[in-house]
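See structure below.
The values are calculated or read from the model by the stated rules, or taken from the named source; none is laboratory data. Remember, it's a predicted structure, so these values are computed and weren't measured experimentally. Cβ: placed from backbone, ideal geometry, glycine included. Neighbour counts: every protein chain shown. Quick note on the areas: whole protein, heavy atoms, side chains included, nothing else; ligands and nucleic acids left out. Shrake-Rupley method; radii C 1.70, N 1.55, O 1.52, S 1.80 Å.
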Amino acid sequence: MHDKIVEVVKIVSSVTLFTAVLFPLVRWIAIHIGALDYPNERKVHKKPMPLLGGLMMFFGFLFGYMFFAPKSTQMLSVLIGSFILVITGIIDDIKPLKAKEVIIGQLAAALVVVFYGKILLNDVSFFGFYFDFGWLAYPLTVIFIIAVMNIINLIDGLDGLAAGIGTIFFTTIGVIAFIMHNIGSLEITLTFIMLGACLGFLIFNFNPAKIFMGEIGSMFLGFMIAVVCLVGFKAVTLTSLVVPLLILAIPILDTFFAILRRVINHKPIYVADKKHLHHQLLNKKFSQKATVLIIYGVNILFSLASILYVLKDRKLGIIVYIILFILVILVVLKTNILIDKANKQVKKGKKK
């Protein structure tokens with residue numbers, strides 16, 4: 001046990017340190033090539049911010065891979081997919097691409113890990129149910145990977161939000177793996193490497209942020225979360241794929257409500273708006289930092305429910321999940337996440 005603790009600490013601390021020391025160089029590159037995020041009516045920050053922070057996480061991941069990760073075809077496919085996303089992200093952060101062009105990069109990365117790495121969503125078990133997808137595993141896995149990348153992209157709206165959610169996700173998986181004595185496998189080594197990469201970046205991204213992760217970071221982080229889910233949690237080595245997805249309940253629900261909101265308002269689902277969960281909390285006069293900490297807190301509650309479900313009492317875990325979902329729905333009903341209540345009242349008044 002002592003040796004395992006030492007190994008975990010060595011991986012996380014060394015990757016965190018390596019990622020953090022890259023900050024001055026990456027920031028200089030972003031400013032030098034004009035990869036800056038300028039303020040507008042939809043964004044919260046008030047001055048141009050350097051992007052490309054995702055490069056810090058990507059190179060931190062490469063460092064961890066070289067020194068700690070087992071070499072395999074699966075791992076090589078992850079590296080190739082990551083590189084495709086980094087190139088796509090750099091181009092998009094310098095000169096924004098069209099949505100369909102970004103999707104092409106995401107699709108290429110997903111196809112590499114699915115068809116070359118054979119990382120597949122073959123089956124899913126959850127709450128006593130079991131599904132075997134057969135040949136549908138190929139398209140479903142591609143859709144799953146792209147969906148997770150875009151879920152993380154949508155939640156990346158405040159200083160430290162996406163990186164913090166990633167940190168909570170990888171920490172939760174690491175804790176479960178450690179308690180279940182599952183240290184040393186590919187997915188768990190990747191988990192601790194990515195935990196270090198997220199922490200090293202979060203030092204400079206938490207409010208007030210000095211750098212943003214940009215498209216590189218959100219796509220790469222979402223990609224790695226999807227990979228860890230697929231190579232580890234769909235297998236019997238830990239538990240159902242559904243459990244890590246429930247750790248991501250807040251960004252998943254935020255994405256679901258965003259799609260539903262745009263359908264209700266007859267708008268294309270790819271059109272950005274300012275009505276996400278973090279925007280609603282800001283409208284309630286919470287500060288950026290308080291808003292992010294509140295979302296961290298809810299995310300941690302879902303993580304604790306997942307740990308309870310996997311390691312202690314599944315029935316109790318399900319009850320906690322249900323309670324948390326009910327609380328989230330109540331919050332949604334009290335805000336404008338789905339329907340702009342103020343505009344609705346104005347329209348009613350005009351009709352009268």
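Data for the structure
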| read-out | value |
| --- | --- |
| Selected residue (only one of Ile119, Ile87 is crowded, with 21+ Cβ neighbours inside 10 Å, at pLDDT 85 or above and farther than 18 Å from Asp156 by Cβ) | Ile119 |
| Those residues of the stretch 22-77 which are β-branched (Val, Ile, Thr) and exposed (fewer than 12 other Cβ atoms within 10 Å of the Cβ), in sequence order | Thr73 |
| Qualifying residue in the stretch 284-294 (condition: within 22 Å of Ala226 (Cβ to Cβ) and open to solvent by less than 30 Å² (accessible area, probe 1.4 Å)) | no |
| Qualifying position, being closer than 17 Å to Ile152 by Cα, over 17 Å from the mean Cα position of the chain (by Cα) and outside any helix (DSSP H, G or I), among Lys210, Lys274 | Lys274 |
| Members of the stretch 75-96 that are of a type outside the set (D, E, K, R) and either over 21 Å from the mean Cα position of the chain (by Cα) or under 19 Å from Ile31 (Cα atoms) (or both) | Leu76, Val86, Ile87, Thr88, Gly89, Ile90, Ile91, Ile94, Pro96 |
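To keep it simple, each residue is scored yes or no on (1) touching a residue at least 60 places away in the same chain (Cβ under 8 Å); (2) open to solvent by less than 60 Å² (accessible area, probe 1.4 Å).
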residue	(1), (2)
Ile259	no, no
Ile264	yes, no
Tyr296	yes, yes
Leu304	no, no
Ile322	no, no
Leu327	no, no
